[in-house]
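Just so you know, all these numbers are worked out from the coordinates, no wet-lab data involved. This structure is a prediction, so every number in the text was calculated from the model and none was measured. With ideal geometry, Cβ positions are generated from the backbone for all residues, glycine too; neighbour counts draw on all protein chains shown.
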Amino acid sequence: MDSSERSARIRANLGIQPISHGQVYTFQIAISATFQENISLERRQLIEETLTQHKSNLIPLIVRRTEAYSEEEEYEVVFGADWCLLAKELDIEKLWVWVFDMNDEQAVAAKDEMEQLLGYSIDAENNLKEETEIGSLIEQKLKPIYTKINQLLSKDNTEKSDSEGKSRGIESRLENILSALEKLTILVKEVLPPAKLNLVIANEEEIKSALEEGGVTNENHRNAAWEAIKYWKQPGKVLTWQNLKKSSESGSEHKIKNFAKGTYEKVRKFTDISNSQ
């Protein structure tokens, strides 16, 4: 069964589509007692080794949005509870996830379906060790481009005797160089992070939009983040990361309702304060 057939089978059985994919903070993921299970020593060692080496999971978890737990736990793990449990034990900061909206029946079906497809086979576990880190992938992509550019730049221009032939040859090589440079530019853009939104000058709409793109899916949490930012932008107050953090801490005189540590961390990840101390 190829990947397209697997995807079709999952969609047919679950009747759902993912709403987002990316990294979330480990503390944001809750694990239901229903899905907490014993982990074999062999599998524990394999997962711990992978998490320690890569600082995250190579196989994304399946999670669903929930309000059944604490304010910070926005998601519940549906598949990959063993990865999540060990990540929490090892203090892994973030995990890759697929986020779905699903009910309890769909969650059980999703877990059973994924276990059937993956099977926790020895071959599948061994394949984890063969995964390549993103840095190596980028290097592999860049290497042939650099080689091509060097070959084109160093190629002798004397292969054609007449001036018209030389002109055509040079023009052709320049086009190849430009094509290679375009590919290199695309790769560099993929690697370099985009410029962060400056909270000092950004308005409410821009800030909420940036947070939504950054994974703050709960509207109340986005509103709370804006209230906290607006609070510190008032005359007589200074918007800094240290001050903004106070608004996320329980018991603080500057605490803003619904603005918790998880939302604060996302604000800090996807935005910037240019005048922070």
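Tabulated data
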| quantity | calculated |
| --- | --- |
| Rounded to whole Hz, the Karplus (6.51, -1.76, 1.60) HN-Hα couplings of the stretch 48-57, x for glycine and proline | 4, 5, 5, 5, 5, 6, 9, 6, 6, 8 |
| S20 long-range amide H proximity, modeled H, under 5 Å | V99 |
| Among the listed pairs K94/K245; K94/K196; K55/K208; K196/K230; K55/K257, those beyond 22 Å (Cα-Cα) | K55/K208; K55/K257 |
| Residue-wise HN-Hα coupling along the stretch 228-244, computed from phi with Karplus coefficients 6.51, -1.76, 1.60 (Hz; x: Gly, Pro) | 5, 5, 4, 4, 7, 8, 5, x, x, 10, 10, 7, 9, 5, 5, 5, 4 |
| Under-5 Å amide H pairs with K255, H placed in peptide plane, nonlocal only | none |
| Long-range amide H partners of V78 with built H, under 5 Å | I62, V63, R64 |
| Percent of Cα-Cα distances greater than 15 Å, calculated over the stretch 201-277 | 49 |
| Two-site FRET efficiency, A202 against E48, from Cβ-Cβ distance with R₀ of 30 Å, rounded to 0.05 | 0.15 |
| Karplus (6.51, -1.76, 1.60) ³J(HN,Hα), θ = phi - 60°, over the stretch 86-100, in Hz, Gly and Pro reported as x | 6, 5, 5, 5, 8, 6, 6, 5, 9, 10, 7, 9, 9, 9, 10 |
